[in-house]
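Worksheet for the structure shown next.
The values are calculated or read from the model by the stated rules, or taken from the named source; none is laboratory data. Just so it is clear, the structure is predicted and the values come from calculations on it, not from any experiment. Quick reminder, even Gly has a Cβ in these numbers, built from the backbone with ideal geometry, and neighbours come from all protein chains shown.
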Amino acid sequence: MHATPAPSSPLSGRWVRAFLMLAALWLAATADAGNAPGLMLASRFQGQPDIAAYWVSEKLDGVRARWDGRRLWTRSGQPIRAPASFTRGWPPMPMDGELWMARGRFARTSGIVRSVEPDAADWSRLRFMLFDLPGHPGPFDDRVRAMRDLVASAAHVHLQMIEQRRLPDRAALDALLRDVVEAGGEGLMLHHGQARYRDGRSDALLKLKPFDDAEGTVVDYTHGRGKYRGLVGALVLRLDNGRLLRVGSGLADADRRTPPPLGSRVTFRYSGHTATGLPRFARYLRVREE
C-alpha cells in the first residue's frame, strides 16, 4: 500500500534536519552495541477500544525488518543481505517496517530476503514499508507526521510508508477489514495515537484479523492419498501445549514435494476450537521467519 504524503509545512525541513541530528547522536551512542533496536510487538484486538483514538493500517504479509541507520536486520537480529542499491540514500536513523512485494507474495518475498547472494533485480521488486520510528521520543501521532516528512524528503523508490488513517467507529473499522480481506490482505493494525515506542508486546498496538493464527513444530508427516500419493499428505505439528495436530489444508504442491523440515516452526491459521480443545479448520500458512 502506498504512502499518502501529509501536506508540507514550513517547519518540515527544519524538523527533519533536527531529527537527523538526533539520529546521528543515537547511532554514535550505539555503534559498539552490534544489535539493532528492539521491536514493538502487537497484541490481539479484543474488547471495545475507542477506534477514533487509533491510527489504522493494513497488516502486510511480508518480512518484518528493522533498519538501524546503516543496515537491515530480521526480527530475530540476523543481518539481511540487501544490495547496496536497495538502501542507498536511506536516512541514518532507526526505522521499523516490512519488506513487502504485494498481497499474496509472501513466499517469493521471503525467498528474496533469505538469499545469501542478493540479486539486485529481485530486490528491485521489494519495498520497505515503513510503519514506525523506534528512536523518536514522541507519541505515535507525532511519529506519523515525522514518517510522512521523512519519506517525502527521502524520495527513494524502495522506501515507502504504510498508509495510516483515522476511522470514526467500529462500523468503519469492520468495513475496512472486509475490503482489505476481500482484496487478498491479511487484516489490520491499530496503533494508539498517544503511544510511545517501546520494546516488547504492547496493548497500544493491536492486530485485527478475521481468523486466529498459531505456531507449531513439525515433528512428522503423513502420507498423501489419491492425487497426493507419493507426496506429503499433512504436517504433524506439536503445539506449544504439547498436543499434536495434523495440518494438510493450505499446503501447495511444492510444499508437499518438499515440506518444511522436521524441527521447523510453522504458522497456521484456524477458526475456533474443537470440543477437545484443538484448533479447528487449521490451514497451513508458512514457515515462521526468524
Restricting to region 209-243, and then to whatever is in contact with a Ser or Thr (Cβ under 8 Å, 6 or more places away or on another chain) and modelled with pLDDT under 90, can you tell me which residue is nearest to ALA183 (Cα to Cα)? PHE211
Regarding ARG246, is this residue farther than 30 Å from LEU176 by Cβ and among the charged types (D, E, K, R)? yes
Residue that is surrounded by the fewest Cβ atoms within 10 Å (Cβ to Cβ), among those in region 222-251 that are part of a loop (DSSP other than H, G, I, E, B) and of a type in the set (A, V, I, L, M): LEU231
From the list LEU177, LEU205, LEU231, which residue is within 16 Å of GLN46 (Cβ to Cβ) and touching a Gly at 6+ places or on another chain (Cβ under 7 Å)? LEU177
Enumeration of residues in region 29-59 that are at pLDDT below 95 and of a type in the set (A, V, I, L, M): ALA29, ALA31, ALA33, ALA36, LEU39, MET40, LEU41, ALA42
Scan region 252-290 residue by residue and report those that are touching an Asp or Glu at 6+ places or on another chain (Cβ under 9 Å), within 25 Å of SER76 (Cβ to Cβ) and part of a loop (DSSP other than H, G, I, E, B). LEU262, ARG288
Strands (runs of 3 or more DSSP E) enclosed by region 91-202 - at least 3 residues per element that are of a type in the set (A, V, I, L, M) and buried (at least 16 other Cβ atoms within 10 Å of the Cβ): 187-192
Among the residues of region 66-90, write down those that are surrounded by fewer than 15 Cβ atoms within 10 Å (Cβ to Cβ), part of a helix (DSSP H, G or I) and among the hydroxyl-bearing types (Ser, Thr, Tyr). SER85
